[in-house]
1. Report yes if some residue within the range 137-151 is surrounded by 13 or more Cβ atoms within 10 Å (Cβ to Cβ), free of Cβ contacts under 8 Å to residues at least 40 places away in the same chain, farther than 15 Å from V30 by Cβ and of a type in the set (V, I, T); otherwise report no.
2. Considering each residue of the range 86-105, count those that are touching a helix residue (DSSP H, G or I) at 6+ places or on another chain (Cβ under 6 Å) and closer than 17 Å to P54 by Cα, and give that number.
3. Residues of the range 67-98 being over 15 Å from A122 (Cβ atoms) and either of a type in the set (F, W, Y) or at pLDDT 95 or above (or both), which ones?
4. I'm told L70 meets every condition in (1) hydrophobic (A, V, I, L, M, F, W, C); (2) touching a Gly at 6+ places or on another chain (Cβ under 9 Å); (3) in contact (Cβ under 8 Å) with a residue 40 or more places away in the chain except one. Can you identify the failing condition by its number?
5. Taking the range 153-163, which residues are more than 13 Å from the chain's Cα centre (by Cα) and either of a type in the set (D, E) or surrounded by 14 or more Cβ atoms within 10 Å (Cβ to Cβ) (or both)?
6. Quick check: is even one residue across the range 94-105 touching a residue at least 24 places away in the same chain (Cβ under 8 Å), within 20 Å of S80 (Cβ to Cβ) and crowded, with 17+ Cβ neighbours inside 10 Å?
7. Among (1) among the aliphatic types (A, V, I, L, M); (2) under 14 Å from I88 (Cβ atoms); (3) free of Cβ contacts under 8 Å to residues at least 12 places away in the same chain, where does I18 come up short?
8. Checking A24 against (1) in contact (Cβ under 8 Å) with a residue 12 or more places away in the chain; (2) closer than 17 Å to M103 by Cβ; (3) not basic (K, R): exactly one of these is not met. Which one?
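The values are calculated or read from the model by the stated rules, or taken from the named source; none is laboratory data. Note that this is a predicted model, so its numbers are computed, not measured. With ideal geometry, Cβ positions are generated from the backbone for all residues, glycine too; neighbour counts draw on all protein chains shown.
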Amino acid sequence: METKRLTRLALFTTVALIIFTVEAQIPVPVPLPGVKLGLANVVTVYAAFTMTGPDAVLILLVRILLGSLLTGNMMALLYSLGGGGLCIAVTLALAKLLRRDQMWIASVAGAVAHNVGQLMVAAAVMQTMAVFAYLPALLISGVVTGAFTGLAAQVLTRRLDKN
């Protein structure tokens with residue numbers, strides 16, 4: 001059983017890492033720091049609803065660490081850890097309360113939490129609260145991207161449940 005679990009963790013971490021790395025090569029059409037689609041979060045939301053909490057956290061942490069190394073952006077590691085940590089906490093909490101057909105709700109809340117976490121890290125790094133001026137735009141971005149990735153996670157779950 002442990003081999004099966006480790007294989008699943010490795011598989012989903014690899015898929016998330018590939019998606020993250022490919023997405024990092026795509027120029028962002030919005031000239032606002034921190035805004036991106038976050039397609040790798042489809043895997044994170046899926047894991048939060050279908051695996052144990054520690055396994056979902058492990059997938060996210062390994063993806064963040066290896067993603068930062070692969071893209072060569074170590075400063076992003078701080079922002080990703082802050083945002084990802086808050087995101088996974090919110091997503092896991094909501095995964096206990098919501099049904100699988102409501103993944104998109106947890107994903108939206110997680111995306112918004114991710115943006116708030118990134119701003120908290122930015123405020124600490126830059127030693128200014130002025131970064132919170134980005135909050136309205138990041139909230140809108142989080143709702144849109146979170147809904148998209150959450151719906152994609154729901155489709156993925158339905159497809160994988162059939163197999």
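1. No, that holds for no residue.
2. 8
3. Selection gives C87, I88, A89, V90, T91, L92, A93, L94, A95, K96, L97, L98.
4. Failing condition for L70: (2).
5. Scanning the range 153-163 gives Q154, L156, T157, D161.
6. No, that holds for no residue.
7. Single failed check for I18: (2).
8. (2)
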